[in-house]
């Protein structure tokens, strides 16, 4: 990708292990390193400039399959989510189908309440994280850290 197009917001193609991924440049870290958001997987990834290509026009029309999200109503106890909190969240989500209720959409981040309705009583994930000491209930939503692995 030519230097003039290496800017935040640029939609392009990331070639990775023989596969093409639609990405948006999130940040320019250096002239050769960029942080991109994979619009169909929901990950942030640091990549080398040489792995980026222009995206074919026909793929520009497809809607993104992943959106930056944050669990509404809670914030980390210590500024960032602990490993224990992250593990607890993953266990609560598991392979279950959850109901997501939009609280708000602010600065490109969708803040959701997640609810497990598979049992007799509905289980709200933010309440479980709070009751187990992994999160503090808050009135204003705090953006979460986006997953970085791919």
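The values are calculated or read from the model by the stated rules, or taken from the named source; none is laboratory data. All figures in this text were calculated on a predicted structure; none of them were measured in a lab. For neighbour counting, all protein chains shown are included, and Cβ atoms are generated from backbone atoms with ideal geometry for every residue, glycine included.
Looking at (1) under 15 Å from the mean Cα position of the chain (by Cα); (2) modelled with pLDDT of 90 or more; (3) not assigned by TED's automatic domain parsing to the domain that holds residue 17, which is the only condition residue 46 fails?
The one condition residue 46 does not meet is (3).
Looking at segment 42-65, which of its residues are surrounded by fewer than 16 Cβ atoms within 10 Å (Cβ to Cβ), in contact with a strand residue (DSSP E or B) (Cβ under 7 Å, 6 or more places away or on another chain) and farther than 20 Å from residue 3 by Cα?
59, 60
If I go through segment 53-90 residue by residue, how many of them are part of a loop (DSSP other than H, G, I, E, B), more than 10 Å from residue 135 (Cβ to Cβ) and in contact (Cβ under 8 Å) with a residue 24 or more places away in the chain? So that I can check it myself, show each step before the final result.
The initial filter retains those residues of segment 53-90 that are part of a loop (DSSP other than H, G, I, E, B), namely 54-56, 61-68, 72-73, 77-82.
From what is left, the residues that are more than 10 Å from residue 135 (Cβ to Cβ) are 54-56, 61-68, 72, 78-80.
Cutting the leftovers down to in contact (Cβ under 8 Å) with a residue 24 or more places away in the chain gives us 54-56, 62, 64-68, 72, 80.
Residues that pass the stated criteria total 11.
Could you please let me know if residue 142 is in a loop (DSSP other than H, G, I, E, B) and farther than 29 Å from residue 16 by Cα?
When the stated conditions are applied, residue 142 passes them.
Could you check segment 22-44 and list, in sequence order, the residues that are part of a strand (DSSP E or B) and within 21 Å of residue 56 (Cα to Cα)?
Those that are part of a strand (DSSP E or B) and within 21 Å of residue 56 (Cα to Cα): 22, 23, 24, 25, 26, 34, 35, 36, 37, 38.
Which of the following residues is at pLDDT 90 or above, in the same structural domain as residue 133 (by TED's automatic domain parsing) and part of a strand (DSSP E or B): 12, 115? Please lay out each step first, then the result.
Numbers: 12 fails: in the same structural domain as residue 133 (by TED's automatic domain parsing).
Of the residues listed, the single one that is at pLDDT 90 or above, in the same structural domain as residue 133 (by TED's automatic domain parsing) and part of a strand (DSSP E or B) is 115.
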